[in-house]
Amino acid sequence: MMSPRFHFISGLPRSGSTLLSAILRQNPRFHAGISSPVGPLVRTMINQLGAGSEFSSVVTPEQRQRLVRGVFDNYYADQADKAVIFDTNRMWCAHLPLLKDQFPEAKIIACVRNVAWIMDSIERLYRANPYEITRLFNDDAERNTVQSRVDTLALNNRLVGYAWSALKEAFYGEHADRMLLLDYELLAQMPEKVIPLIYQFLGEPPFEHDFGRLEFDTPEFDSGLGLHGLHKVRPKVELQARQTILPPDLFARYAQLSFWEDLSNSRCHAITPGSQAK
């Protein structure tokens with residue numbers, strides 16, 4: 001039996017990665033899910049074996065490379081019957097050199113969305129869980145008001161800010177040509193047109209998906225975060241129009257952060273408004 005091919009789903013939170021996984025997993029040849037622990041496991045292991053650690057002098061770079069691959073192979077050993085495995089984590093955009101070395105043919109799908117709407121989406125989930133404190137915030141100072149909550153999420157080491165910075169690194173980096181930007185609104189509005197383009201980017205044979213009958217929810221995982229409904233996908237793929245619940249000035253400030261709208265200085269592929277998949 002041939003080993004599965006690996007591809008990766010990354011990008012911004014609340015931007016369609018779970019929806020995309022719910023669609024892709026309809027294909028019996030594919031495995032896709034929510035964020036996996038593979039990335040953090042790899043990062044922790046490299047930290048333990050890298051410069052400054054007590055083991056750095058006895059573990060060679062070749063051994064480190066094999067150990068990293070072993071994390072992938074062992075974690076997904078139960079999916080060995082699949083032809084393609086999609087591992088999801090927002091950190092992958094910041095680790096493209098490692099992915100290129102481990103999986104030379106791998107592609108990265110980076111989900112994107114106007115950052116103001118990302119903040120709006122998270123704020124809605126927070127308000128829908130008024131008896132939870134959620135692990136997104138460390139203390140009352142961070143969670144006190146919508147202003148403090150949004151600004152905390154935007155910090156470089158927090159949920160939205162980290163993912164945004166990692167995406168920017170990949171977007172302008174030397175491996176951008178292996179990345180496909182996927183706009184959430186286009187995926188939700190016209191999945192029947194977007195999904196075939198993704199298959200084309202991956203070099204996979206077409207598959208007929210049912211965009212009106214999705215099944216995906218992870219209540220135990222979301223409960224652990226104190227943010228119920230974080231990964232729940234509605235049965236039908238559709239874009240639901242709404243008014244923002246953010247103050248106008250806050251929404252306007254974060255709406256200006258979509259650097260990926262200008263593709264002139266990047267070699268990445270894109271399914272975004274005003275662009276075509278290259």
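The values are calculated or read from the model by the stated rules, or taken from the named source; none is laboratory data. Quick caveat: nothing in here was measured; it's all calculated off a predicted structure. Here the Cβ positions follow ideal geometry from the backbone for every residue, glycine too, while neighbour counts run over all protein chains shown.
Selection of the range 83-106 for residues being within 13 Å of the chain's Cα centre (by Cα) and part of a helix (DSSP H, G or I) yields Arg90, Met91, Trp92, Cys93, Ala94. Every condition in (1) assigned to a helix (DSSP H, G or I); (2) more than 19 Å from the chain's Cα centre (by Cα); (3) of a type outside the set (Val, Ile, Thr) is met by Leu187 except one, and the failing one is (2). Sub-7 Å Cβ pairs linking a first residue in the range 29-41 that is closer than 16 Å to Asn74 by Cβ to a second residue that is β-branched (Val, Ile, Thr) and buried (at least 21 other Cβ atoms within 10 Å of the Cβ), at least 6 apart or interchain, are His31/Ile85; Ser36/Thr88, ordered by first then second residue. Per the conditions (1) crowded, with 21+ Cβ neighbours inside 10 Å; (2) free of Cβ contacts under 8 Å to residues at least 40 places away in the same chain; (3) not hydrophobic (A, V, I, L, M, F, W, C), the sole criterion not satisfied by Gly16 is (2). The set of residues from the range 184-210 being of a type outside the set (D, E, K, R), surrounded by fewer than 16 Cβ atoms within 10 Å (Cβ to Cβ) and touching a residue at least 24 places away in the same chain (Cβ under 8 Å) comprises Gln189, Gln200, Phe207. Scanning the range 244-253 for residues that are modelled with pLDDT under 95 and closer than 30 Å to Val150 by Cβ turns up nothing.
Looking at the range 34-82, which of its residues are among the aromatic types (Phe, Trp, Tyr) and within 19 Å of the chain's Cα centre (by Cα)?
Within the range 34-82, the subset among the aromatic types (Phe, Trp, Tyr) is 55, 72, 75-76.
Matches in the range 34-82: Phe72, Tyr75, Tyr76.
Scanning the range 229-243 for residues that are surrounded by 15 or more Cβ atoms within 10 Å (Cβ to Cβ) and within 23 Å of Ala163 (Cα to Cα), we see that the one that is modelled with the highest pLDDT is Val233.
Selection over the range 33-60 of residues that are under 23 Å from Gly203 (Cα atoms) and modelled with pLDDT of 95 or more gives a count of 0. Let me confirm something: among Ile109, Ile118, Ile133, Ile122, which residue is out of contact with any Phe, Trp or Tyr (no Cβ under 6 Å at 6 or more places or on another chain), surrounded by 16 or more Cβ atoms within 10 Å (Cβ to Cβ) and not in a helix (DSSP H, G or I)? Checking each option against the conditions leaves just Ile109. Filtering the range 65-105 to residues that are surrounded by 20 or more Cβ atoms within 10 Å (Cβ to Cβ) and either among the basic types (Lys, Arg) or in contact with a Lys or Arg (Cβ under 9 Å, 6 or more places away or on another chain) (or both) leaves Ile85, Phe86, Arg90, Cys93, His95, Leu96, Leu99. Would you confirm, using the coordinates I've provided, whether Arg267 is free of Cβ contacts under 8 Å to residues at least 12 places away in the same chain, outside any helix (DSSP H, G or I) and either touching a Pro at 6+ places or on another chain (Cβ under 8 Å) or of a type outside the set (Gly, Ala, Ser) (or both)? No. Note on the range 41-87: residues that are in contact with a Pro (Cβ under 6 Å, 6 or more places away or on another chain) and of a type in the set (Lys, Arg) total 1.
Please work out if Asp217 is within 19 Å of the chain's Cα centre (by Cα), over 21 Å from Ile109 (Cβ atoms) and either buried (at least 16 other Cβ atoms within 10 Å of the Cβ) or at pLDDT below 95 (or both). So Asp217 passes the test.
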